[in-house]
Amino acid sequence: MNYEIRLTPIRLVDQENNQLGVVETPQALKMAQEAGLDLVEIQPDVRPPVCKIMDYGKYKFELSKKERSNRAASKQQEMKEVRLGRSLKIDEHDVGIRVEQARRFLMEGHKVQLVQSFRGREMQHREIADARIKSILTTLGDVAKVEVGAKMFGKRMSLILAPDKTKIEAIKRKLEKELTAAQRAEALKKQLELEARLAAKEQAEPEHEEHDEVEEASS
């Protein structure tokens, strides 16, 4: 950039994207200085190298902004799985925590796969899972839309929700007015703590499941 450009002549493009042809480097530098801009090498591997007169600070800012936008768009393609317990017997309070977790993922732009597992004879009571899923869809209806309806895969029922971008943007604008950054951080901290406690609780469940299966077999 500028005086770091050693080769001469160069092929010059001005700040209006006009092709000015082959120009000696000192002359191009003078033109950039007179315009209050920078001379930036944009194609260094060709001969003569291509240089452009531009606002380098603005160019870097726009480039960084575009990269952040691309990263955000990439993250929005992620699928987050939210499990509604290892069986139908999950406590409704725990279901509520999972629903709030799903809401957070949707608000961040992720798709969510909700999974309800069945154990043993619970397969005979699918209507309980249907009612639970229906209730969750009502709760999340302000931020989500159903992308793939509920389907059974063995002893698992699952469906996929996608973020409703229009509704989410409206909610975010409302929250920006109502909550300070500190309040949002505190609310997120509490939600993560609840999720961590629920995850720890579920770690202990496999032992109980084994015990239940032995009792069922013996009966």
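All of the numbers you see were taken from the coordinates with simple rules; none came from a lab. Values in this document were obtained by computation on a predicted structure and should not be read as measured data. Because the Cβ atoms are built from the backbone with ideal geometry, glycine has one as well, and the counts that use them run over all protein chains shown.
Note on the chain: with charges restricted to the Cβ of Lys and Arg (+1) and Asp and Glu (-1), its dipole about the Cα centre is near 620 debye. Take the Cβ atoms of Met1 and Arg71, set R0 to 22 Å, and the FRET efficiency comes out at 0.30.
Legend: calculated FRET efficiency, Leu20 to Thr180, from the Cβ-Cβ distance at R0 = 41 Å, rounded to 0.05, equals 0.20. Net charge in the neighbourhood of Glu178 (other residues with Cβ under 12 Å of its Cβ; Lys, Arg +1, Asp, Glu -1) is +4. In terms of Cα atoms, the Rg and Dmax of segment 76-204 work out to 15.3, 49 Å.
Taking the Cβ of Ala35 as the center, what net charge do the other residues with Cβ under 15 Å away carry, scoring Lys and Arg +1 and Asp and Glu -1? Don't skip to the end; give the middle numbers.
Details: positive: Lys30, Lys52, Lys58; negative: Asp14, Glu16, Glu34, Asp38, Asp55.
Around Ala35, the charge tally is -2.
With the simple model of a label 7 Å out from the Cα in the direction of the Cβ, Asp91 to Ala170 spans 3.5 nm. The DSSP beta bridges internal to the chain are antiparallel in roughly 75% of cases.
For Lys190, the lysines whose Cα falls under 27 Å of its own Cα, not counting residues fewer than eight places away in the same chain, are Lys75, Lys80, Lys89, Lys111, Lys134, Lys145, Lys165, Lys167, Lys172, Lys174, Lys177, Lys201. How many percent of DSSP beta bridges within segment 2-56 run antiparallel, rounded to 5? Of the beta bridges lying entirely in segment 2-56, close to 75 percent run antiparallel. For segment 76-204, the antiparallel share of DSSP beta bridges with both residues in that region comes to about 70%.
Across the chain, the mean sequence separation of Cα contacts (distance under 8 Å, 6 or more residues apart), normalised by length, yields a relative contact order of 13 percent.
Look at the dipole of the chain built from charges on Cβ: of Gln191, Val50, Gly154, the Cα furthest out on the positive end belongs to Val50. On the principal axes of its alpha-carbon atoms, the chain has extents of 94, 40, 29 Å, going from largest to smallest.
Where in the chain are the helices, taken as whole DSSP H runs, whose Cα atoms extend 30 angstrom or more along the long axis and whose Kyte-Doolittle mean reaches at least -1.0?
On the way: long enough: 181-203 (33 Å, -0.76).
Correct list, ordered by number: 181-203.
Can you return the lysines within cross-link range of Lys58? Criterion is Cα-Cα under 23 Å, with same-chain partners fewer than 8 residues away left out. Within the straight-line limit of under 23 Å, Lys58 reaches these lysines: Lys30, Lys66.
Using equal-weight Cα scatterers in the Debye expression, the normalised intensity of segment 2-56 in log10 at q = 0.19, 0.30 Å⁻¹ is -0.51, -1.37.
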